[in-house]
Each structure stands twice: as C-alpha cells, then as structure tokens.
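The values are calculated or read from the model by the stated rules, or taken from the named source; none is laboratory data. Everything quoted here is computed from the prediction, not taken from an experiment. Using ideal geometry, Cβ is built from the backbone for each residue, glycine included, and neighbour counts are taken over all protein chains shown. What goes into the accessible areas is simple: the full protein's heavy atoms, side chains included, and nothing from ligands, DNA or RNA. Shrake-Rupley method; radii C 1.70, N 1.55, O 1.52, S 1.80 Å.
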Amino acid sequence: MKTLLIIGASGLMGQRVLALAKKWMPEVRIITGSRSGGRQEPTDLKVDILDETSVTEALVGVDGVINVVGPYDYSPTVLIKGCFAAECHYVDLAEVPEFIQSVYEQVYKEKKDASKTVTVISGCSTIPGMIDTMSASWQEDESVVRLRSFLSMGSKNPTSATLIYSLLLPFCDIKRNNFEYLTTKILRFGQKRLYGNHASPYDASGMSWRGGSIPAEFWISFDRRLYSYLLKLSSYVLPVFPLPWVKLICRMAQFFSPLINQLGTTQGSLIIEALDKEGQVIHQISIYAEENGLNIPALPSVLAIKKSFEAQDSQSCENLSQLLTPEAFKVALTAEGYQVEME
Ligand SMILES: NC(=O)c1ccc[n+]([C@@H]2O[C@H](COP(=O)([O-])OP(=O)(O)OC[C@H]3O[C@@H](n4cnc5c(N)ncnc54)[C@H](OP(=O)(O)O)[C@@H]3O)[C@@H](O)[C@H]2O)c1
C-alpha cells in the first residue's frame with residue numbers, strides 16, 4: 001500500500017486536497033501534517049517543512065507528498081532534498097515563479113544521482129499546471145502564436161488570508177503592472193466579468209511550446225465588477241506597504257468575508273484561449289463551476305500523485321502533461337461536477 005503525506009492539510013486548500021485524495025485514491029494510506037498537527041489523529045503529524053530533521057522524520061515510509069503550505073514565499077530546498085533522500089514523489093500548488101524555479105534548481109542538483117526516479121511537479125494547480133496540460137494538444141497547430149487564460153472566481157466561496165495574500169502579493173511589486181488593463185468578457189448565459197491582467201509564471205519567458213515558447217497572458221476577475229476596480233486601486237496602493245503589513249491587511253480583510261459572501265455567487269470559470277497571428281481565437285477550453293470552484297485548483301495535485309503511484313515503470317516526471325492528457329482532465333473535472341467545453 002502506498003502512503004501519501006499531505007502537508008498543510010489543515011488549511012483551506014489542504015482540506016480540499018485531502019477530501020479529493022480520499023475520494024480518488026481509496027487504496028492509498030493518507031497521512032497529514034502541519035506545524036500544529038498531531039493533536040488528535042495518529043495519522044496527523046507535527047511537521048515543519050523548513051526544518052530538516054522534522055521533514056526527514058515525517059517522510060519515513062512515505063511514497064508521495066502534496067505540499068499545500070502557502071503562501072509559497074519560502075525556500076523549498078529542505079523539502080525537495082528530503083523527498084529525494086526518501087525517494088518519494090513531490091507535487092505542490094505553487095503559482096509563485098521564484099518558488100517554482102527554486103524547486104527545479106534543487107531537482108537539478110539532486111538529479112546528479114540518476115538512480116533516483118522521483119516525480120517532482122511544482123505548480124500542480126490551476127496555474128501553471130492545468131493551463132499547460134489542457135492547452136498541450138494545441139501544440140500540433142502551427143498557427144497558434146499566443147495563449148491567454150481568464151480565471152473568474154465566485155466571491156461567495158470560502159477564502160483564507162493566505163489565498164488573499166497570494167492573490168495580492170504580485171501587486172506589491174509596482175513593476176509587474178497588475179490590473180493595468182481591464183477587459184470585459186461575456187461568459188455563457190450572458191454573465192459579464194471584468195478581468196484585470198495578473199502576474200503569472202509565464203511572464204518571464206512565456207509558456208513552453210513546441211520546443212520553444214510563446215507569450216501567455218493571465219487575467220483574473222471576481223463575480224462583481226467592484227472587486228476589479230478595488231484590485232486596480234490596490235495596484236497603486238500596495239507597493240508602498242511593507243510585506244508584513246500586507247499580510248496583516250489580508251488577515252483583516254477576512255473579517256469582511258461574511259459580508260462579501262452575502263453579496264457574491266459561488267460561480268467560477270476558467271477560459272483558456274489559443275490565438276493566431278491575427279489575434280483570432282482558434283481554440284478554446286471553458287470550465288464552469290456552479291459551486292465548489294476551489295476543488296479545481298486542488299484536483300491536479302491529487303491526479304498527479306495518483307498517476308505517479310500507478311506508473312508501472314519507474315519514471316521521473318517534471319511536467320504535469322507527462323502524466324495527464326487534456327482528455328483525462330476533462331473526465332476528472334466532469335466527474336467532479338464541472339462543465340468542460342473543448343473547442
Ligand atoms: N497555483 C494555483 O493556481 C493556486 C490556486 C489556488 C491556491 N493556490 C495556493 O494554495 C496555497 C494554500 O492556501 P491555503 O488557503 O490553503 O492556506 P492556509 O489555509 O493558510 O493553510 C496553510 C497550511 O499550511 C500549514 N503550514 C504553514 N506553515 C507551515 C510549515 N512551515 N510547515 C508545515 N505546515 C505549515 C498550516 O498549518 P500550521 O499553521 O498549523 O502549520 C496550514 O495547514 C496558497 O498559497 C495559494 O497560493 C494556488
């Protein structure tokens with residue numbers, strides 16, 4: 001029997017990852033961990049991912065790790081080293097380019113010992129993992145020159161200070177020009193969403209494409225136009241605050257969530273578009289969630305670990321599209337009750 005350790009399982013996203021892992025991998029033994037863990041269940045460990053001894057002890061007998069410890073503004077070195085030492089697979093939900101880069105830098109160092117076949121996928125969530133994988137089949141079409149993704153979130157969904165901070169962190173860097181542009185998009189059933197451009201792991205060198213790369217944009221919105229205007233305002237205001245203050249603001253913002261929840265909906269969507277050189281949309285994938293939209297970013301990590309466990313021949317992957325096809329994603333998302341349209 002394989003053993004999966006979910007670190008950060010007591011958090012908002014970790015709870016979703018845990019529930020999905022139980023559902024999609026009933027044959028796997030699941031243990032959980034966090035700094036405050038170990039209180040009730042014997043399968044809930046006390047582990048600090050920044051502490052080498054704690055990580056080494058937690059990884060004894062573990063075959064795979066899902067790291068849901070956000071915000072991803074710390075060094076992943078201890079955890080990646082630990083996973084290679086224990087020869088266990090590793091995935092995380094990071095969207096922070098510096099974190100993802102640090103993971104693969106460490107993987108490169110560890111890979112010098114070629115006998116270890118460990119799968120490591122950083123960014124195994126909506127962005128970049130799912131967007132990369134869902135759009136992979138378009139790589140055969142030479143007319144695709146650019147990609148853009150539009151994520152819309154329902155403001156009635158639960159949130160955490162960490163999620164708000166992760167959303168706002170790029171706003172603290174004035175050079176990243178978040179929400180400099182606003183654009184309206186009409187979704188199915190005529191719902192209008194006002195999107196702003198948002199920093200993404202594609203900003204530095206685009207999306208890997210046919211052995212090279214192409215530009216990829218990432219736009220986000222909520223279900224109320226007001227929030228897009230507030231985010232635009234934040235892009236001017238937040239750069240003047242030190243990061244600990246921004247963290248505090250995010251914690252305080254949580255007090256308003258009951259009010260925000262009253263005004264919002266649970267509907268979310270992700271639209272991925274491929275464009276030709278005339279700027280025409282030639283392929284599109286649309287994913288709609290009526291509710292439970294937060295399970296969408298949680299699902300890729302679970303599917304990736306499941307696939308890694310199932311792989312008969314020992315292989316090491318560093319890319320979600322090596323493990324999953326767009327069709328496999330469609331099947332999983334549909335099974336979870338989401339509507340997926342692929343054109
Ligand atoms: N890439 C994407 O598309 C995407 C989409 C959605 C979410 N996300 C990411 O998901 C992340 C998770 O957010 P969340 O709302 O679930 O956070 P959260 O509710 O604050 O949970 C954080 C969890 O990590 C644990 N933790 C914190 N520091 C730790 C440490 N040093 N060692 C071990 N455990 C530690 C916490 O428990 P203790 O405090 O007890 O340790 C808690 O269980 C966010 O950063 C967000 O960016 C990414």
Checklist outcome for this item: Cross-link reach from LYS22 to lysines, straight Cα distance under 16 Å and at least 8 residues apart if same chain, gives LYS2, LYS306, LYS307
Checklist entry - What is the helix-to-structure angle for 12-24, meaning the angle in degrees between its Cα long axis and the longest Cα principal axis of the chain, kept from 0 to 90 and rounded to the nearest 10? => result 70 degrees
Checklist entry - Sorted by accessible area with a 1.4 angstrom probe, largest first, how do TYR338, TYR108 fall? => result TYR108, TYR338
Item to check | the chain: most fluctuating residue of ASP73, ASP92, ASP132 per GNM, C-alpha cutoff 10 Å | outcome: ASP73
Checklist entry - To the nearest 10 degrees, how steep is helix 295-310 against the longest Cα principal axis of the chain, on a 0 to 90 scale? => result 30 degrees
Checklist entry - Once a ≥ b ≥ c are taken as the square roots of the eigenvalues of the Cα gyration tensor of segment 112-250, is the result rounded (a/c under 1.5), prolate (a/b larger than b/c) or oblate (a/b not larger than b/c)? => result oblate
Checklist entry - Under the classification rounded if a/c is under 1.5, otherwise prolate if a/b is larger than b/c and oblate if not, where does segment 165-241 fall, given a ≥ b ≥ c as square roots of the Cα gyration tensor eigenvalues? => result oblate
Item to check | Accessible-area ranking of ARG210, ARG193, largest first, probe 1.4 Å | outcome: ARG210, ARG193
Checklist entry - What figure in square angstrom, to the nearest 10, would you give for the accessible area of THR43 with a 1.4 Å probe? => result 50 Å²
Item to check | Ellipticity estimate at 222 nm from DSSP helix runs (n ≥ 4, -39,500 (n - 2.57)) divided over the chain, nearest 500 | outcome: -10000 deg cm²/dmol
Checklist outcome for this item: Computed for the chain: size of charge dipole around the Cα centre, +1 on C-beta of each Lys and Arg, -1 on C-beta of each Asp and Glu, debye to nearest 20, value 960 debye
Next on the checklist: Based on alpha-carbon centroids, what's the gap between segment 147-220 and segment 48-83 in Å, whole number please?
Outcome noted: 28 Å
Checklist entry - Remind me, relative contact order of segment 127-289 in percent, using alpha carbon pairs under 8 angstrom and six or more residues apart? => result 36 percent
Item to check | GLU341-ASN292 pseudo-label distance in nm [points 7 Å out on the Cα-to-Cβ vector] | outcome: 2.3 nm
Checklist outcome for this item: Restricted to the chain, the DSSP antiparallel beta bridge percent, nearest 5, is 55 percent
Next on the checklist: Suppose every Lys and Arg Cβ carries +1 and every Asp and Glu Cβ carries -1, with no other charges. What dipole size does segment 127-289 come out with about its Cα centre, to the nearest 20 debye?
Outcome noted: 720 debye
Item to check | In degrees, nearest ten, helix 243-253 long axis to first principal axis of the chain (Cα) | outcome: 70 degrees
Checklist entry - What number comes out for the charge environment of LEU243, summing +1 per Lys or Arg and -1 per Asp or Glu over other residues with Cβ under 12 Å away? => result -1
Checklist entry - Where does the charge balance sit around ILE186 when Lys and Arg score +1, Asp and Glu -1, over other residues with C-beta under 9 Å from its C-beta? => result +4
Item to check | segment 151-206 shape via C-alpha gyration tensor axes, a/c threshold 1.5 | outcome: oblate
Item to check | Ranking by accessible area, most exposed first, for LEU333, LEU12 with a 1.4 Å probe | outcome: LEU12, LEU333
Item to check | Estimated inter-spin distance, GLU52 and SER213, nm [label 7 Å along Cα→Cβ] | outcome: 3.2 nm
Checklist entry - Say each of GLU27 and SER316 gets a label point 7 Å from the Cα, pointing the same way as Cα to Cβ; how far apart are those two points in nm? => result 2.6 nm
Checklist outcome for this item: Loop-resident trypsin sites (Lys or Arg not before Pro) in segment 1-39 with no more than 12 other Cβ atoms inside 10 Å, DSSP not H/G/I/E/B, are ARG39
Checklist entry - What number comes out for the charge environment of ILE127, summing +1 per Lys or Arg and -1 per Asp or Glu over other residues with Cβ under 14 Å away? => result -4
Checklist entry - For ILE174 and ILE282, what does the FRET efficiency come to when R0 = 30 Å and r is the distance between their Cβ atoms, rounded to the nearest 0.05? => result 0.30
Item to check | Surface per residue (accessible, 1.4 Å probe) for segment 127-289, Å² | outcome: 49 Å²
